[in-house]
Amino acid sequence: NDLPESYDVDDLLPAIRGGLTVDGELYAAPFYGESSMIMYRKDLMEEAGMEMPSEPTWADVKKAAEAMTDKDNEVYGICLRGKAGWGENMAFLTAMSNSYGARWFDEDWKPQFDSDAWKATLTDYLDMMNKYGPPGAASNGFNENLALFQQGKCGMWIDATVAASFVTNPKDSTVADKVGFALAPDKGLGKRGNWLWAWSLGIPAGTDAEDAAKKFVAWATSKAYTELVASKEGWANVPPGTRQSLYDNPEYQKVPFAKMTLESINSADPTNPTVDPVPYTGVQFVAIPEFAGIATQVGQEFSAALAGQQSAEEALQKAQTLTAEEMEAAGY
């Protein structure tokens, strides 16, 4: 609350700022913000005689994945996170589940993995990945899928908006000039399957270098820092997703993924993430201390299902049991 006036705190995107604010106080400054979106191969879509809608449904995605899959040539219609972890496969699957009408907990903090909506989410995910995904997907996280996409092996990849600058960078990506972008899919229920996250800088209480830390945080998350990066690395490589002024900048508007990144961030609502009401905030996570531990265990069950070690039903049953036990132990 004592950043210099030039910092322009009101320039921070409301969705990102809101996620770092408690009772009107900003507790951290966002270095970059992200949602998730579809990155897809325009050339493969064209060859399949299809067009990606700007607001696709999961049915559209499945149809495109099928059309683009050419396993003989190591081209897989869809690459999605399969590696276990609360911030790996569960970030994707929780966001996907929101669009299917699922939720982690009902209003009494009872786990909901025994619901039809979760069953539909996991079943469709496993079906798509088994038919149109790359081999060994149960060990693929963000980095592994990024490498596959850059090597031209993915027709579509639904993941962090920040990946857009990597897949369109001709130094690293063999398909840099062939990538299109679309909003994460929905099921027509009013929620899209995209998340919201900010990578932020905060200062621990009790530090002996508070003034220096504040000075650094104010600089590293400022408009001036963005301009510095642009002058050295180009506008496509500046930290995205934190400031409205960046998206108002005519130079940044030329970046092919700028508009879709902003639309994706703005379409995620951490205070109202699900179709049915919930007692928690957070889009692809539940903002309680126990979540990381519980969701990593659940992620292991879902990853095991993707690896063919158990059925969707078995994975969901185990997820329901372990989540209920952990929540009870934590006193909910």
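The values are calculated or read from the model by the stated rules, or taken from the named source; none is laboratory data. Being a predicted model, the structure only gives us computed values, none of them experimental. When we count neighbours, we look across all protein chains shown, and the Cβ atoms used for this are built from the backbone with ideal geometry, even at glycine. Side chains are part of the model used for accessible areas, which takes the heavy atoms of the whole protein and leaves out ligands, DNA and RNA. Shrake-Rupley method; radii C 1.70, N 1.55, O 1.52, S 1.80 Å.
Check every one of the helices (runs of 4 or more DSSP H) wholly within the stretch 230-303 and list those with 2 or more residues that are closer than 19 Å to ASN194 by Cα. Before the answer, list the steps.
Values: elements: 244-248, 250-253, 258-266.
Filter on the stretch 230-303 gives 258-266.
Quick test for you: out of SER99, SER200, SER139, pick the one residue that is on the phi < 0 side of the Ramachandran plot, crowded, with 23+ Cβ neighbours inside 10 Å and among the small types (Gly, Ala, Ser). It would help to see each step written out before you state the result.
Numbers: SER200 fails: crowded, with 23+ Cβ neighbours inside 10 Å; SER139 fails: crowded, with 23+ Cβ neighbours inside 10 Å.
The match here is SER99.
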Task: Index of the failed condition, PHE166 passing every other in (1) open to solvent by 20 Å² or more (accessible area, probe 1.4 Å); (2) of a type in the set (Phe, Trp, Tyr); (3) in contact with a strand residue (DSSP E or B) (Cβ under 9 Å, 6 or more places away or on another chain) - done: (3)
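Each row is one residue, and each column tells you yes or no for (1) in contact (Cβ under 8 Å) with a residue 24 or more places away in the chain; (2) closer than 26 Å to MET260 by Cα; (3) not aliphatic (A, V, I, L, M).
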| residue | (1), (2), (3) |
| --- | --- |
| ARG81 | yes, yes, yes |
| ALA84 | yes, no, no |
| ASN89 | yes, yes, yes |
| TRP118 | yes, no, yes |
| LEU148 | yes, yes, no |
| CYS154 | yes, yes, yes |
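Any idea which of ASP276, ASP269 is touching a Lys or Arg at 6+ places or on another chain (Cβ under 7 Å), open to solvent by 40 Å² or more (accessible area, probe 1.4 Å), over 24 Å from ALA138 (Cβ atoms) and of a type outside the set (Lys, Arg)?
On the way: ASP269 fails: touching a Lys or Arg at 6+ places or on another chain (Cβ under 7 Å).
It is ASP276.
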Open item on the list: Against the definition (buried (at least 17 other Cβ atoms within 10 Å of the Cβ), closer than 24 Å to VAL22 by Cα, of a type in the set (Gly, Ala, Ser) and out of contact with any Lys or Arg (no Cβ under 7 Å at 6 or more places or on another chain)), how does GLY282 come out, yes or no?
Closed with: yes
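Could you please find all residues in the stretch 285-296 being open to solvent by 30 Å² or more (accessible area, probe 1.4 Å) and among the small types (Gly, Ala, Ser)? Spell out how you get there, then give the answer.
At the first step, the residues of the stretch 285-296 found to be open to solvent by 30 Å² or more (accessible area, probe 1.4 Å) are 285, 287, 289-290, 292-293, 296.
Scanning the stretch 285-296 gives ALA287, ALA292, GLY293.
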Task: Answer residue from the stretch 11-36, given it is modelled with pLDDT of 95 or more and among the charged types (D, E, K, R) and is surrounded by the most Cβ atoms within 10 Å (Cβ to Cβ) among those - done: GLU34
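Can we say VAL179 is more than 17 Å from MET37 (Cβ to Cβ), β-branched (Val, Ile, Thr) and modelled with pLDDT of 95 or more? Let's see the steps before the verdict.
Details: more than 17 Å from MET37 (Cβ to Cβ): no; β-branched (Val, Ile, Thr): yes; modelled with pLDDT of 95 or more: yes.
In short, no.
Given the condition over 14 Å from ALA164 (Cβ atoms), surrounded by fewer than 21 Cβ atoms within 10 Å (Cβ to Cβ) and in contact with a Phe, Trp or Tyr (Cβ under 8 Å, 6 or more places away or on another chain), answer yes or no: does some residue in the stretch 252-266 qualify?
The first filter runs over the stretch 252-266 and keeps only residues over 14 Å from ALA164 (Cβ atoms), leaving 253, 266.
Now narrow it down to the ones that are surrounded by fewer than 21 Cβ atoms within 10 Å (Cβ to Cβ): 253, 266.
Going one step further and asking which of them are in contact with a Phe, Trp or Tyr (Cβ under 8 Å, 6 or more places away or on another chain), we end up with 253.
The answer is yes, given that some residue of the stretch 252-266 is over 14 Å from ALA164 (Cβ atoms), surrounded by fewer than 21 Cβ atoms within 10 Å (Cβ to Cβ) and in contact with a Phe, Trp or Tyr (Cβ under 8 Å, 6 or more places away or on another chain).
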Open item on the list: Scan the stretch 304-322 and tell me whether some residue there is within 29 Å of ARG17 (Cα to Cα), open to solvent by 50 Å² or more (accessible area, probe 1.4 Å) and not hydroxyl-bearing (Ser, Thr, Tyr).
Closed with: no
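May I ask you to list the residues in the stretch 304-320 that are assigned to a helix (DSSP H, G or I), out of contact with any Leu (no Cβ under 7 Å at 6 or more places or on another chain) and farther than 19 Å from PRO111 by Cα? Working first, answer last.
Residues of the stretch 304-320 assigned to a helix (DSSP H, G or I): 304-306, 312-320.
Within this subset, residues satisfying the condition of being out of contact with any Leu (no Cβ under 7 Å at 6 or more places or on another chain) are 304, 313-314, 317-320.
Result: ALA304, single match.
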Open item on the list: Out of everything in the stretch 102-136 that is open to solvent by less than 50 Å² (accessible area, probe 1.4 Å) and polar (S, T, N, Q), what residue ends up being nearest to GLU88 (Cα to Cα)?
Closed with: THR121
TODO: Given the conditions (1) without any contact (Cβ under 8 Å) to a residue 24 or more places away in the chain; (2) farther than 30 Å from ASP2 by Cβ; (3) crowded, with 20+ Cβ neighbours inside 10 Å, report the number of the one that GLY234 does not fulfil.
DONE: (3)
Task: Which listed residue, of LEU80, LEU20, is of a type outside the set (Val, Ile, Thr) and over 30 Å from GLY331 (Cβ atoms) - done: LEU80
